[in-house]
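None of the figures in this text is laboratory data; all of them are computed from the coordinates on show. Only a predicted model underlies this, so the values are computations on that prediction, with no experimental measurement involved. Using ideal geometry, Cβ is built from the backbone for each residue, glycine included, and neighbour counts are taken over all protein chains shown.
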Amino acid sequence: MMHYKKLLPLFLLVVCGVTACGPNAEELNTSGIEKLKNEDYDGALEDFSKAVEKDPKFAEGYLNRGYVYGNRGELQKALADFDKAIAIDSGYIEAYYNRGFIYGFFEEFDKSIADFNKVIELNPKDAEAYINRALIRSRLGDRSGELADLKEAARLGDPTARNWLEDNGINWEEQGAGSDLEREHEESEP
């Protein structure tokens, strides 16, 4: 019986491996999320990094680590993690959202619009994606695109878009129906 006690630790080391034992990527991710909620960004970053080390194909780990990097102002690292999450899961809406925000911050507006286009393609009823794309189109001076996105967000139920359009006399309920202000916006385009 004594031989078994001595062999058990050796057996566990061989079976588990040095790094395989302990929490898996999902558990580390959950722990990181809890640390994020408690504003322990360093601890969260450590957990998310360990999660993607354990499972390099764990898109959510990259997304969450990118979120931490973004909150720490390390936008290039955040962008790299969002890129990695998208490379792993081309339908990862949250990664496109976050990457779109960073591209907007860097004034890479075409890339930002492309990401919000992808969000809309994946979820055409996402009013927030239309609003974010409208903001980027506004920065580009694309007034008709901006208004079209705001109208769609309003039709999808976004109260902020509805209020802004109504306050500016722009009819959002009907396709093609416009006010004087709306025509003025469209005529002022280059």
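A full extension of the chain between L140 and F106 corresponds to an added length of 10.9 nm, given 0.36 nm per residue minus the alpha carbon distance. How would the range 71-123 be classified by its alpha-carbon gyration tensor: rounded, prolate or oblate, with rounded meaning a/c under 1.5 and the a/b versus b/c comparison settling the rest? In terms of gyration-tensor shape, oblate. Multiplying the residue separation of S90 and L122 by 0.36 nm and subtracting their alpha-carbon distance yields 10.5 nm. Across all directions, the average projected area of the convex hull around the alpha carbons of the range 15-113 is 6.5 nm².
Volume per residue for the range 106-153 equals 56 cubic angstrom (convex hull of Cα atoms). Projecting the Cα positions of S144, I86, S112 onto the charge dipole of the range 62-174 (unit charges on Cβ atoms of Lys, Arg, Asp and Glu, taken about the Cα centre) puts I86 furthest along the positive direction.
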